[in-house]
Each structure stands twice: as structure tokens, then as C-alpha cells.
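The values are calculated or read from the model by the stated rules, or taken from the named source; none is laboratory data. Note that this is a predicted model, so its numbers are computed, not measured. So basically every Cβ, Gly included, is an ideal-geometry build from the backbone, and we count neighbours across all protein chains shown.
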Amino acid sequence: MEPFDFQSRLNGIYKRYPEGRKKPVIGITGNFANGNATLAEPYYMAVVRAGGVPVIIPPVDDTDVIINTLDSIDGLLLSGGGDFNPLWCGEEPVPQLHGINSHRDLPELLTVELAYNRQIPMLGICRGIQTLAMALGGKVRQDIDSCGTDNAERKTQTRVKHDQDAEWRGEPTHSVRIEPGTVLYDIYQRERIYVNSFHHQAVGSCGRRMETSAWAEDGVIEAVESSEHKSILGVQWHPEWLGDDGLPLFRWLVERAAEFNEAKRLHDKVMTIDSHCDTPMFFPQGIHFDWRDSRILVDLHKMTDGRQSAVTMAAYLPQPKPGETFAEIAPLPAQTPTEYADLIFDKIEDIVRANDKFVSIARTPADLYADKRNGRKSIMLGIENGLALNGDIRNVEHFAKRGVVYITLCHNGDNDICDSARRTENTHGGVSQLGEQVIREMNRCGLMVDLSHAGEQSFYDALDISATPIVCSHSNCKALCDVPRNLTDDQLEALARKGGVAQITLYNGFLRNDEQEASIIDAIDHLEHAIDIMGIDSVGIGTDFDGDGGVCGIADSSELINFTIQLLRRRYSHADIEKIWGGNWLRVMAEVQKSRIQ
């Protein structure tokens with residue numbers, strides 16, 4: 001091909017379809033110098049070599065610009081450059097502080113925090129690792145030599161020269177030691193690598209969201225990564241100058257970005273339903289559903305960040321102890337349980353009216369799909385504890401007309417409907433006579449019977465009584481965590497035989513009953529055990545967010561897409577993920593509502 005034959009090059013594009021292969025888009029933060037946004041060639045060429053599409057992000061602190069940029073990329077590369085102004089972390093500058101780059105500080109801090117909320121994969125290089133620390137709760141050492149080390153046990157007699165003066169920037173000048181068992185170790189498959197170095201600032205501490213994965217011999221932190229099973233990694237050296245030795249880091253970012261892109265596209269297409277949250281428990285605190293409210297785990301911001309379609313908000317009713325009246329323990333002024341549940345639903349309706357461009361109340365699968373098409377989130381209504389009926393069978397129809405989709409028959413402690421799995425006195429030996437009437441009336445009114453919290457005999461009684469499939473909106477597997485609230489394998493099998501679903505929940509105490517903190521990996525383990533016992537058509541997710549649900553890696557609604565990423569890594573098909581995220585729940589919901597007697 002002639003070097004200046006433009007038409008032949010264009011024809012080479014036009015004579016194939018598609019014109020270009022789909023690749024993940026990697027946003028790279030640009031440097032700023034002499035009035036110009038710039039980026040050294042090795043950064044973007046490393047992304048190209050790794051299989052990504054590089055785009056340069058200028059240092060702009062306009063919120064709309066940042067949000068729209070993040071919505072357009074699949075991965076984020078934080079480039080190197082000048083120091084951070086220590087005032088951003090409440091510190092005064094030390095005399096040894098070098099030149100700061102004030103144009104970059106705020107835009108990049110905002111970009112990292114908002115990218116973190118959206119679960120966007122990130123790789124920070126040199127200044128970029130410090131950006132991660134500054135934005136995500138860590139701390140930067142302004143000057144390595146003057147500020148000492150936070151890792152004295154690793155410090156040796158000899159200081160490492162961290163600001164190399166080799167003629168070629170790709171010349172390795174010192175080694176770093178990689179911690180086994182880290183993502184960085186998985187990338188390089190060895191404990192020691194040799195790197196270049198052009199810095200005098202460094203990460204002082206990681207903060208709770210990150211952990212150290214590599215050190216220099218003098219104790220300086222050389223790499224950090226997410227402590228929450230997220231695709232976030234930062235290195236102190238400059239891999240873009242190291243050729244083939246640096247390329248594995250860029251390949252890691254591009255692969256994680258491709259994975260994230262696939263998860264995003266899947267969430268855009270399928271219905272993602274959380275079958276149980278307890279956010280209404282926080283209504284007495286005056287929460288703001290349209291804010292990113294730190295007091296709650298489910299709000300419009302977090303649902304949007306996690307690309308969540310719908311959630312069932314439960315009106316939770318605490319069970320009075322013997323001798324107590326409900327009015328004495330009600331979180332909001334209400335004389336009866338029925339009045340209290342109605343008050344909760346009134347407040348949910350108020351939230352929806354105030355945000356009707358973005359969210360609506362869904363009562364049927366058709367409502368859910370309509371909201372999805374129209375770009376709205378959906379809230380479904382549920383009742384947690386049949387105490388809300390106040391012993392009056394007529395209230396089943398009352399709540400059905402309000403739009404309630406399920407009633408959890410009991411909570412912790414027996415009520416007049418059935419015995420509970422916890423704090424039970426074996427009052428009825430399972431489902432009571434009233435409970436049998438309630439279940440049959442729920443069948444008639446098209447309400448799903450929810451047996452989370454029910455005792456084992458109550459479970460089997462309800463399964464026999466109900467003419468429609470039943471659900472467990474937030475329950476785990478007893479074989480993996482032996483607590484009364486979890487379901488035995490026999491219960492799981494029986495539930496599946498009757499066409500019901502078990503929704504895996506994120507409550508730490510139902511995932512593990514040892515001393516270790518549960519994580520998203522434990523939740524996946526419970527899901528896969530349920531699939532082994534029940535099959536793929538009988539499982540789903542009910543987080544119990546704001547009811548003590550939420551674990552490392554999937555701590556609130558903004559992190560729900562991480563569950564999809566874990567499923568993709570385990571090679572689940574898109575069709576199976578769609579079933580897990582809501583397809584199975586909707587099948588039962590449609591069947592139950594179809595049986596409704598008008």
C-alpha cells in the first residue's frame with residue numbers, strides 16, 4: 001500500500017463489516033502543563049497494545065463532564081505527574097514538597113470517587129496510586145525521606161533511591177517484593193520484579209478500601225489493590241515505559257474493563273431485582289431517597305450506580321414480646337400493626353411521587369418491564385411479618401389492593417399465623433388454623449407466600465397448604481452455615497419441586513457462622529450450593545440491605561453489578577444470569593398473580 005494512498009486505506013475499512021472490532025474503552029487522565037492537557041505516548045500505546053481503546057480525559061472538575069465521561073468508558077487509567085496539594089487531606093505542606101499540579105487535583109479526586117461508586121476498573125500509575133489513596137480514604141506521604149515510614153518493620157539500613165536519574169526511563173533501577181495471594185501476584189506470578197521509579201511522594205497508608213500488595217526494600221509502599229474484591233490496582237512505578245515487562249498491568253486493566261462492559265450491557269438488557277430490602281426501617285431518621293444518603297444502602301444514586309432495575313421494600317413489623325403492645329414498640333406512631341404497615345406504604349408512595357421521573361411503584365411483571373423500557377427504577381411493596389394483618393383475614397385483600405406483592409408470614413418470634421425459625425416457643429407446631437386461612441386468602445388475592453423466617457415445620461405446612469409456588473425472599477443454605485434461619489437441602493429440594501424460589505441473602509450471620517467476615521465470595525458459594533440442589537430455575541437474590549445485609553464486595557446497591565461480574569467469571573451464561581437476577585422471581589410472581597380470583 002502506498003504511504004499516502006488515503007482512499008485505499010479507507011476502502012480497507014469499508015470492505016469489511018463491522019468496520020471495527022468492539023474493544024473496551026479506557027479513559028486516561030491527562031497531565032496539565034503550560035496551559036495544555038497532555039499525555040505521554042507510552043500510556044496510550046500501552047493501552048492499544050493491551051487491546052483497549054484509549055481516550056484522554058482532560059482535567060475538568062465540571063460534574064456533568066465527569067459523570068458523562070464515566071458513563072462512556074469501561075476502565076480508568078490514572079496517569080503520573082506532579083504532586084498533590086496536601087491541603088486536600090487536611091495537611092500543611094512540608095518544606096520538601098515538590099511542585100504541585102493544582103489543575104489536576106480536584107478533577108481526579110472526584111473522578112476516582114465517582115468511578116469507585118460505579119465499580120469501574122481502575123489502574124493508577126505513580127501519581128495515580130496516590131490519587132487512589134487520597135480519594136479512597138488513604139494517606140499520601142508528602143516526601144519519602146522527610147516523612148519517615150509507616151512500615152518500620154520492613155525498613156532496612158539502606159534507603160532505596162526512588163527518583164531515578166537513568167538516561168532511559170525504561171531502565172529498571174530497584175526491585176519490589178510482591179505479596180503472595182494478591183491480584184498483583186496473579187498478574188506476575190513471582191514475588192520479586194524490577195521496576196523504574198520517578199517519584200518522591202508515596203502512599204503512606206491505604207485506608208480500609210485498599211491493601212498493600214508490593215513493597216520496596218526500604219518499606220515504601222509500591223503497589224495497592226482493592227480489599228473489597230474490586231478491580232482496582234495502583235503501582236508506584238511507570239509500567240508504560242517498561243515495554244513487555246509492563247504490559248501485563250495494562251492487559252489486566254483491559255480484561256477487567258471488557259468484563260465490566262459485558263456486565264453493563266447485561267444489566268441494561270435484563271431485569272435485575274432485589275427481592276428484599278429493609279430501607280423503610282430508616283424512614284424515622286428522615287432519609288433522602290434521592291440523595292446518595294450514607295445512612296441507607298438503597299437509594300436512587302446507589303441503584304443507578306449498580307445498574308439495578310427494581311427492589312422490594314418491606315414494611316418490617318417488630319414482633320412484640322409477651323405483655324407488650326405493638327403501639328409501644330412501633331418505630332413510628334401507630335396504634336395497630338395494620339396502621340403501621342399502611343403508614344410505611346404511604347411514605348414509599350410519597351418518595352415515588354417526589355421522584356416520579358425516575359422511579360415508580362410496580363405491582364406486576366408488566367409494570368416492571370414498562371419501567372425498564374422507560375428508564376425508571378421500580379419499587380415493589382412487601383410485608384415482613386404477617387402480624388401486619390392484625391389477625392383479620394380481610395386485611396389480606398386490603399394489602400393486595402395497596403399493591404403488596406408478598407407477605408413474609410412471620411419474623412423472629414412466633415405470631416398468630418405460624419411458628420418462627422428463631423425465638424420460637426413452638427406455639428402452633430407449625431402453621432396455625434388462622435395461618436392456613438391466611439395462606440389460602442393470599443392465594444386467592446394473588447400474593448406470594450414468603451417463608452423466610454418461618455420455622456421448618458411452618459415451612460412444610462405452608463408448602464402443603466399453598467396452591468401456588470412459595471418464595472423465600474431472603475434465605476441461605478444451612479449446609480454451608482448452620483443457623484436456624486437457613487434452609488436445609490431437603491427444604492430447598494421441596495421448594496424447587498413446588499416451583500418456588502430461594503433468594504440468597506447478604507446477611508453476614510447467614511453466610512458464615514465462624515469468626516471470619518463474610519464476602520461476596522461467600523454469597524456466590526451459597527448461590528451455587530442452592531443451584532446444585534434446586535437447579536438454575538429456582539434461585540435469586542434478596543439482599544436484606546438496611547436490615548443488616550451487605551458484605552465486603554457487595555455492601556450496598558451500587559455494588560450489585562459486582563455479583564454479575566463474579567457470575568461471568570464463573571462462566572454462567574447470560575440466560576442463566578437473567579434467571580438469577582429476576583427471571584425466576586418474575587416467573588413465580590406471574591404464576592401467583594395469574595391465579596388471583598377477581
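If I filter region 278-298 for residues that are acidic (Asp, Glu) and within 14 Å of Thr543 (Cβ to Cβ), do I get at least one hit?
Scanning region 278-298 turns up at least one residue that is acidic (Asp, Glu) and within 14 Å of Thr543 (Cβ to Cβ).
Among the residues of region 49-64, count how many are surrounded by 14 or more Cβ atoms within 10 Å (Cβ to Cβ) and either outside the structural domain of Ala257 (by TED's automatic domain parsing) or over 19 Å from Phe260 (Cβ atoms) (or both).
Here the count works out to 6.
Could you count how many residues in region 366-383 are surrounded by fewer than 17 Cβ atoms within 10 Å (Cβ to Cβ) and either outside the structural domain of Asn584 (by TED's automatic domain parsing) or touching a helix residue (DSSP H, G or I) at 6+ places or on another chain (Cβ under 8 Å) (or both)?
0
Looking at Asp278, Asp299, Asp371, Asp342, which is the one that is closer than 23 Å to Leu409 by Cβ and within 24 Å of the chain's Cα centre (by Cα)?
Residue meeting the stated conditions: Asp278.
For region 346-368, which positions are over 14 Å from Ile287 (Cα atoms), of a type in the set (Lys, Arg) and more than 25 Å from the chain's Cα centre (by Cα)?
Within region 346-368, Arg353, Arg363 qualify.
Across region 275-302, what is the total count of residues that are assigned to a helix (DSSP H, G or I) and either closer than 18 Å to Glu113 by Cβ or outside the structural domain of Glu349 (by TED's automatic domain parsing) (or both)?
Number of matching residues: 3.
Give just the number: which of (1) surrounded by fewer than 18 Cβ atoms within 10 Å (Cβ to Cβ); (2) touching a residue at least 24 places away in the same chain (Cβ under 8 Å) does Gln189 not satisfy?
With respect to (1) surrounded by fewer than 18 Cβ atoms within 10 Å (Cβ to Cβ); (2) touching a residue at least 24 places away in the same chain (Cβ under 8 Å), Gln189 is out only on (2).
Give the residues of region 1-38 that are among the polar types (S, T, N, Q), in the same structural domain as Val112 (by TED's automatic domain parsing) and either farther than 30 Å from Gly81 by Cβ or modelled with pLDDT under 95 (or both), sorted by residue number.
Filtering region 1-38 down to residues among the polar types (S, T, N, Q) leaves 7-8, 11, 29, 31, 34, 36, 38.
Next, from what is left, pick out any that are in the same structural domain as Val112 (by TED's automatic domain parsing): 29, 31, 34, 36, 38.
If the condition is that a residue be among the polar types (S, T, N, Q), in the same structural domain as Val112 (by TED's automatic domain parsing) and either farther than 30 Å from Gly81 by Cβ or modelled with pLDDT under 95 (or both), then Asn31, Asn34, Asn36, Thr38 are the ones that fit.
Determine whether Arg256 is in the same structural domain as Ile129 (by TED's automatic domain parsing), under 21 Å from the mean Cα position of the chain (by Cα) and surrounded by fewer than 24 Cβ atoms within 10 Å (Cβ to Cβ).
Details: in the same structural domain as Ile129 (by TED's automatic domain parsing): yes; under 21 Å from the mean Cα position of the chain (by Cα): yes; surrounded by fewer than 24 Cβ atoms within 10 Å (Cβ to Cβ): yes.
Against the criterion (in the same structural domain as Ile129 (by TED's automatic domain parsing), under 21 Å from the mean Cα position of the chain (by Cα) and surrounded by fewer than 24 Cβ atoms within 10 Å (Cβ to Cβ)), Arg256 qualifies.
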